[in-house]
Amino acid sequence: AAAATEEIADALASWKCALHIPRRLPRNINATARALRKRPPPNSKPTRETTSPPDLSAAMALSDRSRESLLPSFLYSSAARSFTGAARLPASAPAPAAAGGAGGAPISIQAPKEKIEMYSPAFYAACTAGGIASCGLTHMAVTPLDLVKCNMQIDPTKYKSISSGFGILLKEQGARGFFRGWVPTLLGYSAQGACKFGFYEFFKKYYSDIAGPEYAQKYKTLIYLAGSASAEVIADVALCPFEAVKVRVQTQPGFARGLSDGLPKFVRSEGALGLYKGLVPLWGRQIPYTMMKFASFETIVEMIYKHAVPIPKSECSKQTQLGISFAGGYIAGVFCAIVSHPADNLVSFLNNAKGATVGDAVQKMGLVGLFTRGLPLRIVMIGTLTGAQWGIYDAFKVMVGLPTTGGAAPPPAAAAEVELKASA
């Protein structure tokens, strides 16, 4: 062993001089070479023989391993890297030692995981956080449009059009009036988005597992519809109290400044159960909206990747995938607005008038008005809103290492079966 270490030290010195590589190797290699040359081997005379190519490969391997040991682990590639050193953990599999026995047996380490495991608790938590960001921020951003829409639904004789509605609000309440009710909007739709997206991913996986791989692929649209409807039932329970206060603040000037004084005043006036007076109409608005939102988005995005994009989704850049998510979301939003608009008119009417019923709303607005009053503005608002929501949601998923929603990927149960077959 002592003779071998001496040979390596001499080889390092001679190759460094012969190749004219001044200080190219790491400093710890130079220091090791000098220390080995000064240390006499016990009970034996040093031998100086002509070095061979195997010694060269051993020295270069030592150099690579030493250089690699100086790098932080997050800079390693996904493949396992081998290195040597003192006080290492035991290797998971035996690896050949460097020639001459220098440095000990190398072991392998893996780069840390950067992506969240699909359908794990961390996955659902990430989807929930993405839903909070996508729904809360986007609904708050379109508060002025929502304010005009609600007033057009409640008082169409005064707010006859979008442009006149903005003019009247600006004249009566000033620029600050355009964002009246933004706090209940932000909090309410953040809570709704958390439940909507988080539970949608959960129920989509749950129903796919029940159906099995074959039927999950065959009836995937039904799974999208069932998963989104189940998620929205829960989400609206979280949204309803905030929506009631928001509509009252936006459509009755002087009722309250916002959530902090509007919520106690609403409860004193109509009781705590009054906050849920509009829950059934809200379900009537939001459940068809959400079913259309998720099922049409998944279908539209799949069609875009299949017919409009010449390369598979896996080969598209993240920017392209996010652009497709926004486009698919905008188109889906147009359908959502049309399907859910009658119920939206009912929600606005019931939350604005104390003691009002659905029959009162139909009698006052008429069936045609129920379907058409405020619809053009809502199409613009919901189309932009839905497109932005899918863009933000998928951008958040990409940021945490998850794939974007939709496309040619198999459903969860089928994907699990494919992975199982691949590992078998």
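The values are calculated or read from the model by the stated rules, or taken from the named source; none is laboratory data. These figures come from a predicted structure and were not determined experimentally. Cβ coordinates were reconstructed from backbone atoms using ideal geometry, including for glycine residues, and neighbour counts include every protein chain displayed. For accessibility, only protein heavy atoms count, side chains too; no ligands or nucleic acids. Shrake-Rupley method; radii C 1.70, N 1.55, O 1.52, S 1.80 Å.
Pairing residues of the stretch 118-141 that are more than 30 Å from Met381 (Cβ to Cβ) with residues that are assigned to a helix (DSSP H, G or I), at Cβ distances under 7 Å and at least 6 apart in sequence or on separate chains, gives Tyr119/Lys205; Tyr119/Pro412.
Going by the conditions given, is Leu170 under 27 Å from the mean Cα position of the chain (by Cα), part of a helix (DSSP H, G or I) and within 28 Å of Phe371 (Cα to Cα)?
no
Applying the criterion of being polar (S, T, N, Q) and touching a residue at least 12 places away in the same chain (Cβ under 8 Å) to the residues of the stretch 155-203, the residue that is most open to solvent (accessible area, probe 1.4 Å) is Gln173.
Scanning the stretch 320-379 for residues that are on the phi > 0 side of the Ramachandran plot and either in a helix (DSSP H, G or I) or crowded, with 19+ Cβ neighbours inside 10 Å (or both) returns Gly366, Gly374. Give all pairs with beta carbons closer than 6 Å in which a residue from the stretch 377-388 that is touching a residue at least 60 places away in the same chain (Cβ under 8 Å) and not assigned by the TED database to the domain that holds Ser164 meets a residue that is open to solvent by 30 Å² or more (accessible area, probe 1.4 Å) and part of a helix (DSSP H, G or I); count only pairs at least 6 apart in sequence or on separate chains. Matching pairs, first to second residue: Leu377/Ile162; Met381/Leu145; Gly387/Phe326; Gly387/Tyr330. Residues to consider are Ala194, Ala229; find the one that is over 19 Å from Asp394 (Cβ atoms) and assigned by the TED database to the domain that holds Met152. Answer to the selection: Ala229.
The lone criterion from (1) modelled with pLDDT of 95 or more; (2) more than 22 Å from the chain's Cα centre (by Cα); (3) of a type in the set (Lys, Arg) left unmet by Lys196 is number (2).
Of the residues making up the stretch 242-293, those that are surrounded by fewer than 22 Cβ atoms within 10 Å (Cβ to Cβ) and in a loop (DSSP other than H, G, I, E, B) are Gln252, Pro253, Gly254, Phe255, Ala256, Arg257, Gly258, Gly271, Lys277. Of the numbered criteria (1) open to solvent by 70 Å² or more (accessible area, probe 1.4 Å); (2) within 30 Å of Cys336 (Cα to Cα), the one Val301 fails is (1).
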